[in-house]
Amino acid sequence: MYYQSKYSTLLAIGITLFSFGCEQNQKAEAQSFKTPNSANKIDISNAKAEVQLDRIKLPENFKIDVWAAEIPNAREMAISEEGVVFVGSRQEGNVYAVIDEDGDGKADTKFIVAEGLQMPNGVAYKDDDLYVAEVSRIIRFKDILNNLNAPNFEVVYDEYPTETHHGWKFIDFGPDGMLYIPVGAPCNICESEDEIFATITRLDVNSPNPTPEVYVHGVRNSVGFDWDPKTGDMWFTDNGRDMMGDDIPNCELNHVTESGQHFGYPYWHEGTVKDPEFGDKGGPASDYIAPAAKMGAHVAPLGLRFYEGNMFPAEYKNKVIVAKHGSWNRSKKSGYVLTSLNVDGSTASGEQDFATGWLDEEAQEAWGRPVDVQELKDGSLLISDDMAGVIYRVTYSAK
């Protein structure tokens, strides 16, 4: 994950950094960010969350709390260097800025940066500007931290497809400074004549006439990616097709080594499963890039991040943490968890549950659905939940 921000003078806004003590003298840096009063500022310090944290199971010595409540349909998150958390939504049409004003490890304030947008799932932050992805356009809120009281945006690019099926987007800036933007397949399974569908594209947002470049092909619906801090390679999740049964095909974790690669959709799934409708229209399985890891059928893996902090035990360093949003059409529900995987070069292995409990297995009812994960500067982990409308914070303290 990449924190990209220049330190500018913030008008009427103070920044305070201080250290707080954890159990057994473990210390981590907490951030506070003060904002002036305005009509757009909403106090959420006493907001209530309808959650069942006692059901969440974590590894030993980890703890989960509600970091922010009353964040309806919270989806992708992006964090400024100063600790302001920007949050997109899919169904609400809103974008939020959520802030811990006093550095106590819990959000106090919410700003509605925008409302009435079309599926503004994706948010990214770079050089003091906030970028938001709607279905067919990318918009930019310049110098957002100085304009939280009256945000305005400009259109960066507005010619992405208008299809809403898999039209919501996860976005992020890569190490090359380009904004990466998926364009999902406009269907469950189809072969589109327009090559921009079922891809991940990238856009030079600083160009006077930005034009999307197709980065990789054969990606059905990616709603999460990050870059390995060691290699700079992209890793992305991809949601497998429906209507082939409960257990086929697996959703995928994929590894990109060069632009132009094709990951199989709609001809092959999970590397070895030939599509019954379109498989004969493609080449052999060897023509396509097989997934680095199979993640289970219908689990809907969305946001993922490489853990780079120092709060968690050393074995978590450089692990990928993935939010599995959960199935919608499986006879027995699957997903609704966070998992972690070891990444070494091109290999991903050792997937383990990291956080479980959003799904009541016996009743087959879910009370929450994790969407995205982001790391605060102190090494704690934020998790967005679009069903419960909250952001959780996971911390670790040795005992």
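The values are calculated or read from the model by the stated rules, or taken from the named source; none is laboratory data. Since the structure is predicted, the reported quantities are computational estimates derived from the model, not experimental observations. We place every Cβ from the backbone using ideal geometry, glycine too, and count neighbours over all the protein chains shown.
Structure notes:
- Cβ-Cβ under 8 Å pairs, at least 6 apart or on other chains, region 368-383 side within 17 Å of HIS325 (Cα to Cα), far side modelled with pLDDT under 95 and of a type in the set (A, V, I, L, M): GLN374/MET1
- Filter result (surrounded by fewer than 19 Cβ atoms within 10 Å (Cβ to Cβ) and over 28 Å from ASN329 (Cβ atoms)) within region 179-201: GLU195
- For the residues PHE312, PHE354, PHE263, PHE278, the requirement of being farther than 20 Å from GLY224 by Cα and buried (at least 21 other Cβ atoms within 10 Å of the Cβ) singles out PHE312.
- Inside region 369-388, residues that are under 13 Å from TRP358 (Cβ atoms) and of a type outside the set (A, V, I, L, M) make up a count of 5.
- Residue within region 98-107 that is out of contact with any strand residue (DSSP E or B) (no Cβ under 8 Å at 6 or more places or on another chain) and either in contact (Cβ under 8 Å) with a residue 24 or more places away in the chain or on the phi < 0 side of the Ramachandran plot (or both) present: no
Quick grid of which residues meet (1) touching a Leu at 6+ places or on another chain (Cβ under 9 Å); (2) within 24 Å of ASN310 (Cα to Cα):
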{"site": "GLN31", "(1), (2)": "yes, yes"}
{"site": "SER38", "(1), (2)": "yes, no"}
{"site": "ASP43", "(1), (2)": "no, no"}
{"site": "GLU50", "(1), (2)": "no, no"}
{"site": "GLU60", "(1), (2)": "no, yes"}
{"site": "GLU70", "(1), (2)": "no, no"}
{"site": "MET77", "(1), (2)": "yes, yes"}
{"site": "GLU101", "(1), (2)": "no, yes"}
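- Scope region 312-335; condition basic (Lys, Arg) and within 26 Å of ARG393 (Cβ to Cβ); matching residues: LYS317, LYS319, LYS324, LYS333
- Answer from ASP233, ASP228, ASP247 - the residue that is among the acidic types (Asp, Glu), more than 25 Å from TYR131 (Cβ to Cβ) and surrounded by fewer than 24 Cβ atoms within 10 Å (Cβ to Cβ): ASP247
- Yes/no for ILE139 being free of Cβ contacts under 8 Å to residues at least 40 places away in the same chain, among the aliphatic types (A, V, I, L, M) and either more than 24 Å from LEU302 (Cβ to Cβ) or surrounded by fewer than 23 Cβ atoms within 10 Å (Cβ to Cβ) (or both): yes
- Some residue of region 24-32 being out of contact with any helix residue (DSSP H, G or I) (no Cβ under 6 Å at 6 or more places or on another chain), part of a helix (DSSP H, G or I), within 30 Å of ALA314 (Cα to Cα) and modelled with pLDDT of 90 or more: no
- When residues of region 162-200 are limited to those that are of a type in the set (Val, Ile, Thr) and without any contact (Cβ under 8 Å) to a residue 60 or more places away in the chain, the one nearest to LYS126 (Cα to Cα): ILE181
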